[in-house]
Every structure is written in structure tokens, then in C-alpha cells.
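Computed from the coordinates by the stated procedures, all read-outs in this text should not be read as laboratory data. Bear in mind that the values here come from a model prediction, so they are computed numbers and not experimental data. Backbone-built Cβ (ideal geometry, glycine too); neighbour counts: all protein chains shown.
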Amino acid sequence: MAVVVYTGTNLSGAVGNAAVYTWSALATGDTGALLSSAAFADRSVQVNGTFGGSTVTIEGSNDGTNYTTLTDTAGVALSFTSAGLKQILQITRYIRPLVTGGAAVAVNVNLLVVGK
């Protein structure tokens, strides 16, 4: 069980104020390091890699202690058991991925954030 640090790529200028943050090679039991993303109103998340029966959940928090599973624009929990791409409905102060169950060995989570 590790806390995996993200890497970031600034896309500002190309598409306004935007960035992509990536948590790479998440395994079962891993949590992504907290990303403070309150300044970005639009967000989408793409998950891919080797799941091995694991579930990747995208969580948000406003206090950095208590986390809740975020949802897409249809109100469906952001919980992935295979590759996918979804828009995130809630704007929270912090966001992170969490990998549970199964035997994931290399799941990647890419978060696109766009602000004003």
C-alpha cells in the first residue's frame, strides 16, 4: 500500500488554463497523492492499464481527511473495473484515485483539469 505521487503537464496557452495530472503504475492498495484542484471547474478522468480484477475509485474531499466517491454527470459513481473516460461532476478541494481488490499491477489515472 503506497501513496503514488502524480506528475503534471501544463497545457495552458494551448487550450486556456489547463493541465493533465497522471498517477502511474498504481497497484492494489495504492492511493494517489492528493491533488489540490479547486481552481479548475472542468475535469475529466481517464483510467487504463492492467486491472487484474481491481477497482479504481476517484475520490474527493474538501478537508483532506474525509473522502467521498465522486460521480460523473449522470450521478454514477466514478468506479472503474476496466479502462474508461468520464467527466467529473463535483468540484472538490482535493482529488485522488484509490485502487482496491483484485491484483492490479499497473493502472494509470490521467486527470484533465480546465479552469478560467
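Can you list the HN-Hα couplings for the range 99-110, worked out from phi with the Karplus curve (6.51, -1.76, 1.60; θ = phi - 60°), rounded to whole Hz and with x for Gly and Pro?
10, 10, x, x, 9, 4, 10, 7, 9, 10, 10, 10
What are the ³J(HN,Hα) values, in whole Hz, obtained from phi via the Karplus relation 6.51 cos²θ - 1.76 cosθ + 1.60 with θ = phi - 60°, for each residue of the range 31-47 in sequence order, with x given for Gly and Pro?
Per residue, the Karplus-derived 3J(HN,Hα) values read 10, x, 4, 4, 10, 7, 9, 5, 6, 10, 7, 10, 9, 9, 10, 10, 10 Hz.
Can you tell me, using C-alpha contacts under 8 Å and at least 6 residues apart, the relative contact order of the chain as a whole percent?
40
Where nothing but the Cβ of Lys and Arg (+1) and of Asp and Glu (-1) is charged, how large is the charge dipole of the chain around its Cα centre, in debye to the nearest 20?
160
Dipole of the chain (Lys/Arg Cβ +1, Asp/Glu Cβ -1, origin at the Cα centre): which of Ser61, Phe51, Gly13 lies farthest to the positive side?
Highest projection toward the positive end goes to Gly13.
Taking amide H positions as placed in the peptide plane 1.01 Å from N, state which residues far from Thr71 in sequence (5 or more) or on other chains have amide H under 5 Å from it.
Amide H neighbours of Thr71, under 5 Å, 5+ apart: Leu78, Leu89, Gln90.
Can you tell me the order of 25-31, 5-11 when each peptide is scored by its average per-residue count of other Cβ atoms within 10 angstrom, highest first?
Put in order of decreasing packing, that is 25-31, 5-11.
Only counting other Cβ atoms within 10 Å, I'd like Asp63, Asp72, Asp42 sorted with the fewest neighbours first.
Going from least to most buried by this count: Asp63, Asp42, Asp72.
Whose amide H sits under 5 Å from the amide H of Asn17, counting only residues 5 or more places off or on another chain, with H placed in the peptide plane?
When sequence neighbours closer than 5 places are left aside, the close amide H contacts are Gly115.
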